[in-house]
Amino acid sequence: MSFVNESLQLFLESFWPIVWGGVSGTIPLALASFAIGLVLALAVALMRLSRNRVVSGVARFYISVIRGTPLLVQLFVIFYGLPAIGLVIDPWPSAIIAFSLNVGGYAAEVIRAAILSVPRGQWEAAYTIGMSPATTLRRVILPQAARVSVPPLSNTFISLVKDTSLASLILVTELFRVAQQIAAFSQQFMLLYLEAALVYWLFCLALSGGQSALERRLDRHVAH
């Protein structure tokens with residue numbers, strides 16, 4: 001009974017430090033990486049749609065490499081591999097670079113598919129009123145593509161929040177690393193890892209609720 005009480009006390013005492021590790025580490029890391037990754041993804045998606053074979057080929061190669069290699073390997077190449085050629089990057093920037101590149105590779109195909117889902121007639125209608133291709137893309141195509149891409153991109157962000165746990169392997173202080181530190185001190189590894197899993201789950205539930213609300217709002221906007 002004493003063991004149960006001690007475990008419960010440890011669970012309660014460590015809950016808010018782990019949550020704070022998520023709020024102060026995991027979420028900012030995910031947001032920064034996702035924002036940079038989206039900009040990269042848009043650029044790569046437009047390169048994929050280019051009629052220039054070299055430009056399109058470069059984008060295809062990038063996407064193939066990102067999607068064909070594990071995120072953990074990408075993270076280790078940047079943090080542990082680059083110093084071998086004299087390029088040393090601190091843990092936080094290394095994590096952001098790795099996660100951004102990964103998001104860029106996966107989200108690029110989502111954005112490309114969303115752009116292609118817009119009827120060709122939208123381009124032609126914009127051209128007939130004198131819009132340039134760049135203006136058409138910015139004012140007509142991308143706003144419509146954005147609505148289509150919200151669900152898959154939201155899922156990408158939720159996956160990214162969980163993937164940030166890998167950053168603990170390069171000494172970034174985030175949710176899982178806080179749990180590891182407490183577990184190493186208390187020797188209650190199972191309890192702390194389950195608690196970390198619970199906090200990740202709660203974060204993802206909150207993000208899923210936000211995703212659903214955003215989708216409903218976009219659906220109402222389209223209906224009007």
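The numbers here are math on the coordinates, done by the rules we state, and not lab data. What you see is a predicted model, and the numbers here were worked out from it, not measured in a lab. Cβ coordinates were reconstructed from backbone atoms using ideal geometry, including for glycine residues, and neighbour counts include every protein chain displayed.
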How large is the helix-only mean residue ellipticity at 222 nm for the chain, computed as the sum of -39500 (n - 2.57) over DSSP H runs with n ≥ 4, divided by its residue count, in deg cm²/dmol to the nearest 500? -26000 deg cm²/dmol
Simple label model, 7 Å out from Cα along Cβ direction - Ser132 to Ala213, nm: 3.9 nm
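I'm checking a number: the convex hull volume of the Cα atoms of region 4-86, normalised per residue, in Å³. What is it? Spell out each step's value before the answer.
On the way: hull volume 13.4 nm³, N = 83.
Considering the Cα atoms of region 4-86, their hull volume per residue is 161 Å³.
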All-pairs Cα distance distribution in the chain, expressed in whole percent, bin size 5 Å: 1, 6, 12, 14, 15, 14, 11, 9, 7, 5, 3, 2, 1, 0, 0, 0
Pick out which of Leu153, Leu42, Leu194 has the largest mean-square fluctuation in a Gaussian network model of the chain, springs linking Cα atoms closer than 10 Å. Leu194
For the chain, modelled as a Gaussian network with Cα springs under 10 Å, which listed residue fluctuates most, Gln144, Gln122, Gln180? Gln122
FRET efficiency for Arg51 and Leu82, using Cβ-Cβ distance with R0 set to 35 Å, rounded to 0.05: 0.50
Which of Glu174, Glu109, Glu124 moves the most in a Gaussian network model of the chain with Cα springs under 10 Å? Glu124
Which whole-number percentage describes the relative contact order of the chain, with Cα contacts under 8 Å and a sequence gap of 6 or more? 28 percent
